[in-house]
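Here is the structure we will look at.
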Amino acid sequence: MRFRLSGLCLAIFCLTTLFYSAAFSQAGQAELVGEVRDPAGAGVKGAIVTATRVETKETITVTTGEDGFFTITKLRPGIYTISFSASNFRRVVREAVQLTTGERIRLDASLSAGNVNEEITVKADASLLRAESGSLGQVIPNRRIVDLPLNGRNFFSLITLSPGVAAPPPTTAGPSLPRLNGGRPRVNEFLYDGITALQPEPGQVAFTPVIDAIQEFKLEINSPPAEFGRFNGGVINLTTKSGTNDLHGTVFEFLRNEALNARNLFAPATAANPNKPVFRRNQYGFAVGGPVIKERTFFFGDFQGMRQSIGRVLISNVPTVAQRGGDFSSTLGAPLYLQTTGTTVSATTTNTGTPINVVDTNGNTVQAHVGQIFRMSDRRAYAGNIIPLNDFDAVARKLLDRYPLPTAAGAANNFRRIANEQTNQDQFDVRLDHRFSDRNNLFGRFSFFNENATPVTPLPDGSGAITQGALGVQKSRGYQVVGNYQRIVASNFLNELRVGYTRRSLDRRALLLDAPPSQSLGIPGIPQNGAFQNELPTFTIAGLQQLGPSANTNSLFNTDLTQIFDSLGWQRGRHSMKFGGDFRVERLNVLQPPSPTGIFNFTAPFSNSRGTTNTIGQQPGNATTSSLLAGQTGNAIASFLLGQVS
C-alpha cells in the first residue's frame with residue numbers, strides 16, 4: 001500500500017500574490033474585472049457593480065475603489081447581466097455577458113451625467129477583452145460538447161483539437177488520456193468543479209462525466225496561474241451543470257449496429273456463421289435540472305447507460321486431431337545424414353551416403369528424421385513418431401481437453417473463434433445548489449461510474465493471450481464527492497472552500513478453477529493459501545496458443561484521493577491578491593501478481609535426442625548421435641503431452 005501527502009504548496013500553506021497585470025484564473029469559475037469612468041475619463045469611486053446570473057437570478061455586488069477599479073471573483077460560468085450605477089450618473093446595464101470557465105474578463109463602463117433612475121442598456125457590443133491574463137488556453141462550450149459527434153460520447157476527443165495536444169493509441173487498460181505539451185497523463189491535472197479527478201497512479205481519471213452534464217471546460221496549455229499546481233503539462237478545468245429557475249431536461253439514445261457496417265474481411269460468411277460479426281452499442285439516458293426553491297435552491301441530475309457488444313475474430317494455433325491422439329507422423333521431416341567437413345561433423349538432410357541411425361521403441365534400428373520424438377525413459381525414438389496414449393502425462397490429459405478441435409486444416413492458424421465482447425456501463429451525477437443569501441453560496445455533487453467488461457479470449461475456455469482491451473473479466477468503479485462553499489466577507493474580500501473525495505477501483509479476474517491447481521490438476525508445489533490461488537497456471541507451448549491467462553490479468557486495484565482547498569481573494573485598488581492552500585492525501589493499494597500460480601513452458605528440446613544411444617562411433621570434437629540430432633529433433637507439443645517442462 002502506498003500513502004502520500006501532496007499539494008501542500010510550499011510545505012503546508014501556499015501564498016500566492018497576483019497583481020493586476022498577472023493571471024488570476026479560477027478553478028471551475030470565472031472572474032470579471034474592469035474600471036468605471038466618468039465622462040472626463042476619471043475613475044468613479046464608490047460605484048456599485050452588480051453581476052446577476054440570468055439562469056438563477058444569483059447576484060454579486062461590489063463597489064469600485066478610489067480609482068474606479070473593481071474585481072468580481074468566483075463567478076459561476078454562464079450568462080450574466082452587469083449593471084453599473086453611481087450617484088448623479090445614469091445607470092448602465094450590459095446584457096448577455098458570457099463568462100466561461102477559468103477566464104478573467106475585462107469589462108469597462110463609462111457613465112454619463114444624469115439621474116440614477118435613467119438607464120442605458122447595452123444589448124450587443126464588441127467582444128469582451130481577455131487582456132488580464134497571459135495564459136494560453138481554449139474554452140469548449142456546452143453547445144459544442146453536445147452537438148459534435150463524439151465516438152463513445154467522450155469529451156477527451158475535443159481536447160485533442162487544441163494545439164499542443166496529442167492522442168496516443170489506446171492500451172489494454174482502455175483509451176489513453178491526451179498528452180498535453182508532451183506531458184504524461186499523470187503529470188497533467190484534471191479538475192471537475194475544482195476537485196481533481198486524476199488518480200496519479202497509474203495516471204487515469206476516475207471517470208469521464210456524461211457530456212450532457214458538462215457546462216463547459218477549459219484547457220490550460222501555457223502559463224496557467226499559480227493556483228493550478230501539481231502538473232507539468234496542462235490543466236483540464238471542467239465545470240458541471242447546475243439547475244436553473246426553469247425546468248429543463250433531455251432524453252437521448254445513440255445506436256450503432258452491424259447492419260450498417262461492411263463485413264469483416266477476416267470473418268467471411270460461412271454455413272456456421274452466415275451473419276456479420278456483431279457490433280452493437282446502445283447509449284441512452286437523460287439529464288434534468290430545475291428549481292427546488294426558485295432563485296434559491298436548484299438541482300441537476302443525469303444518468304447514462306451503455307450496452308455494447310462487439311464481435312471479435314481471433315485466430316489461433318491449436319493441436320491437430322492427429323496430434324491430440326499422439327500421432328506426429330505428419331511432422332516427421334527429411335532423413336538425416338552424417339556430414340564431415342574438415343575437422344567438424346554435423347547432421348544434414350543432404351544425402352551423403354552415411355545415414356544417422358537411432359533405435360526406436362520397438363527395438364529396431366531406423367534412420368533419424370527431422371522432428372523425430374524420443375521417449376524420455378530410454379531415449380528411444382517413438383516408432384512411426386506416434387506417442388502411445390499410455391505415455392501421456394496425467395496433467396497434460398486434463399489440459400488437452402481445454403483446447404478446442406481445429407476449425408481448419410493444417411497446423412497453423414487452424415482455429416478461428418468469433419465471439420462477442422461485452423461492455424456494460426452505468427453512471428450518474430446528482431448536484432444540488434443552494435444560495436443562503438447574496439453573500440453565501442453552497443453546492444454539492446455526487447458522481448458514480450460502474451463498468452463491467454467481458455473480453456473475448458482466443459480459446460473458448462477463457463485461455464489465450466489477449467492483446468487489446470481488458471485482460472480478463474473486469475469490474476471498474478469510480479466515485480467523486482464534491483462540496484463547495486463561498487462567502488463574501490466584504491465587498492473586496494471573498495473566501496472559497498472546496499472539499500472533495502475521489503476513488504477508483506478495479507477488480508479483474510481470469511480463469512479460475514474449482515480448487516488450487518495442486519488439487520484440481522494434480523500439479524505439486526503450487527501454494528494453496530495465496531492471492532488468486534485458484535487461478536489456472538499459464539502453459540506456453542511453442543507453436544500453440546497458450547493455455548491460461550495473460551500475465552498481470554488478475555488485479556485488485558484501489559486508488560483514492562482526499563482534497564481540501566481554501567482560497568482567500570482580496571482586492572485593494574488595482575491590485576488583486578490571493579492566498580490559498582491545497583491539501584491532498586493520496587492512497588494507492590495494488591495487488592497484481594504477474595502469474596500467481598506459475599508459468600510452465602514447453603519447447604522441443606525436452607522431447608529430442610538428448611541422451612540417445614551413440615550410433616556414429618568416434619567423431620571429431622567428441623560429437624555423438626545425441627549432440628548432432630538435438631537441434632533437429634523433438635517437438636514442443638510432444639514435450640507438453642509427455643509432461644516435460646522446460
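Some notes on this structure:
- Residue count for the stretch 597-646, restricted to those that are touching a Phe, Trp or Tyr at 6+ places or on another chain (Cβ under 9 Å), surrounded by fewer than 21 Cβ atoms within 10 Å (Cβ to Cβ), of a type in the set (S, T, N, Q) and at pLDDT below 90: 1
- Pair list, Cβ under 8 Å, 6 or more apart: the stretch 595-612 residue in contact (Cβ under 8 Å) with a residue 40 or more places away in the chain and farther than 26 Å from A551 by Cβ, other residue assigned to a strand (DSSP E or B) and open to solvent by 30 Å² or more (accessible area, probe 1.4 Å): T612/V359
- Unmet criterion (only one of (1) of a type in the set (D, E, K, R); (2) open to solvent by 30 Å² or more (accessible area, probe 1.4 Å); (3) not in a loop (DSSP other than H, G, I, E, B)) for K578: (2)
- Within the stretch 270-290, considering residues that are of a type in the set (A, V, I, L, M) and free of Cβ contacts under 8 Å to residues at least 12 places away in the same chain, the one surrounded by the most Cβ atoms within 10 Å (Cβ to Cβ): A272
- Of all residues in the stretch 195-227, those that are farther than 18 Å from Q427 by Cβ, assigned to a loop (DSSP other than H, G, I, E, B) and within 21 Å of the chain's Cα centre (by Cα) total 4.
- Identity of the residue in the stretch 82-92, assigned to a strand (DSSP E or B) and open to solvent by 10 Å² or more (accessible area, probe 1.4 Å), that ends up nearest to V139 (Cα to Cα): S83
- Output for the stretch 48-81, where each listed residue is within 18 Å of A490 (Cβ to Cβ), free of Cβ contacts under 8 Å to residues at least 60 places away in the same chain, of a type in the set (S, T, Y) and open to solvent by 20 Å² or more (accessible area, probe 1.4 Å): T50
- Cβ separations smaller than 8 Å between residues 6+ apart or across chains give the following pairs from the stretch 554-576 residues that are within 30 Å of I466 (Cβ to Cβ) to residues that are of a type in the set (F, W, Y) and open to solvent by less than 50 Å² (accessible area, probe 1.4 Å): N554/F532.
- Among the residues of the stretch 415-429, just one is among the aromatic types (F, W, Y) and out of contact with any Pro (no Cβ under 7 Å at 6 or more places or on another chain), namely F428.
- F298 being within 45 Å of the chain's Cα centre (by Cα), under 30 Å from R431 (Cα atoms) and either at pLDDT 90 or above or open to solvent by less than 70 Å² (accessible area, probe 1.4 Å) (or both): yes
- Just one of the listed residues (N441, N424, N385, N414) is surrounded by 15 or more Cβ atoms within 10 Å (Cβ to Cβ) and closer than 30 Å to Q308 by Cα, and it is N414.
- The set of residues from the stretch 276-314 being touching an Asp or Glu at 6+ places or on another chain (Cβ under 6 Å), closer than 16 Å to F449 by Cβ and of a type in the set (A, V, I, L, M, F, W, C) comprises just one member, A287.
- Extreme residue, least open to solvent (accessible area, probe 1.4 Å), among residues of the stretch 301-344 that are of a type in the set (D, E, K, R) and touching a strand residue (DSSP E or B) at 6+ places or on another chain (Cβ under 9 Å): D302
- Where a residue in the stretch 98-122 is open to solvent by less than 50 Å² (accessible area, probe 1.4 Å) and its partner, wherever it lies, is at pLDDT below 80 and in a strand (DSSP E or B), with Cβ under 6 Å and at least six apart: T100/V139; R106/L129
- Within the stretch 482-502, considering residues that are buried (at least 18 other Cβ atoms within 10 Å of the Cβ) and in contact with an Asp or Glu (Cβ under 6 Å, 6 or more places away or on another chain), the one modelled with the highest pLDDT: V482
- Residue that is farthest from F69 (Cα to Cα) [pool: residues in the stretch 503-519 that are open to solvent by less than 40 Å² (accessible area, probe 1.4 Å) and in contact with an Asp or Glu (Cβ under 7 Å, 6 or more places away or on another chain)]: L511
- Residues of the stretch 468-478 include at least one that is surrounded by fewer than 16 Cβ atoms within 10 Å (Cβ to Cβ), touching a strand residue (DSSP E or B) at 6+ places or on another chain (Cβ under 7 Å) and outside any loop (DSSP other than H, G, I, E, B).
The values are calculated or read from the model by the stated rules, or taken from the named source; none is laboratory data. This structure is a prediction, so every number in the text was calculated from the model and none was measured. With ideal geometry, Cβ positions are generated from the backbone for all residues, glycine too; neighbour counts draw on all protein chains shown. To get the accessible areas, we keep the full protein, side chains included, count just its heavy atoms, and leave off ligands, DNA and RNA. Shrake-Rupley method; radii C 1.70, N 1.55, O 1.52, S 1.80 Å.
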